[in-house]
Amino acid sequence: MEGFLFWFCGTLMFLGGLMMVVQRSAVVSAVWLVFSFLCAAGIFALLSAPFLAVMQILVYAGAIMVLFLFVIMMLQGPVLDGERVPIKKGLWPFIALPPAAVIILLVGWVKGEGLRSLGDAPAPGFGTAEGVAQLLLGRYLLAFELISIVLLIAIVGALVIGKRERKLPWK
Amino acid sequence: MEITLTHYLVLAGAVFLTGMVGFIVRRNAIIMMMCVELMLCSTNIVFAAFSRVHGDGGGHVFVLMNFAVAAAEAAIGLAILVEIFRRRRTVNVDNFKALME
């Protein structure tokens, strides 16, 4: 059962990501990305992290992607111009370089380490809301407080950047 | 066949690769940002997988941190994008050559 769910969610997640990359329309891309994130939530559930699965759907597939869809629909119109221009021939080796590096690393790692088991079933309470909360407000309290400052700065930054006015001195 | 840690890592690597290729090949800035989100999501899977292997919930906490960072990145990045679109009427990154104009 676990095997079937892994292959189901994993394949669909990968295909969703692939469709996101190849789609021309930004809205269709965003919807495929939401699909991919939902399958990622399934993967989290398989890894006995039910709280993360819920947060993945709420925060990622919900909040962040809605923000993306809002912006895409706000900017609709000449958004896609120039996408049809082919990439210059001489650039292809440079484009292929980073993905090739990742593939070589991955294949090398799998060859060297072989299959490594996930180990025993985790202790009860692992990955539930209570278990994560104990860590978040205990061992990782400082990181938790700092991330709230990051979010606050992001809010202020987005407000400042998005504010309309600007009589630029050099215009 | 038993599903091992390696399966999860290869899945995360494949998804990361997809996002990376998309980020390099696409020229629509919004889709490039969505590719970054996909890459962040694949790293979250690695965090959760190793957290499961070690039986330690610390990885889950860092996935939550990653969610917050992704949200901040999306908010700031999209705000910058909207501002650029107001001035240039395009989100094609080939046309972004100067930061200040």
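Please treat every number below as a calculation from the coordinates, not as lab data. Worth saying up front: this structure is predicted, and the values here are computed from it rather than measured. All Cβ positions, even for glycine, are placed from backbone atoms using ideal geometry, and neighbour counts span all protein chains on display.
Per the listing A:GLY119, A:GLY157, A:GLY131, A:GLY108, the residue uniquely more than 27 Å from B:VAL69 (Cβ to Cβ) and in a helix (DSSP H, G or I) is A:GLY108.
Any residue that is out of contact with any Pro (no Cβ under 6 Å at 6 or more places or on another chain), part of a helix (DSSP H, G or I) and in contact (Cβ under 8 Å) with a residue 60 or more places away in the chain - is there at least one of those in region B:46-55?
The first filter runs over region B:46-55 and keeps only residues out of contact with any Pro (no Cβ under 6 Å at 6 or more places or on another chain), leaving B:46-54.
Now restrict to residues that are part of a helix (DSSP H, G or I): B:46-54.
With the extra rule that they be in contact (Cβ under 8 Å) with a residue 60 or more places away in the chain, the set shrinks to none.
Within region B:46-55 (the criterion being out of contact with any Pro (no Cβ under 6 Å at 6 or more places or on another chain), part of a helix (DSSP H, G or I) and in contact (Cβ under 8 Å) with a residue 60 or more places away in the chain), the answer is no, since none of the residues qualifies.
Checking each residue in region B:15-70 for being surrounded by 18 or more Cβ atoms within 10 Å (Cβ to Cβ) and among the acidic types (Asp, Glu) picks out only B:GLU37. Restricting B:VAL93, B:VAL61, B:VAL10, B:VAL53 to those that are at the interface with another protein chain (Cβ under 7 Å from one of its Cβ atoms), within 28 Å of A:ILE155 (Cβ to Cβ), among the aliphatic types (A, V, I, L, M) and over 16 Å from the mean Cα position of the chain (by Cα) reduces the list to B:VAL61.
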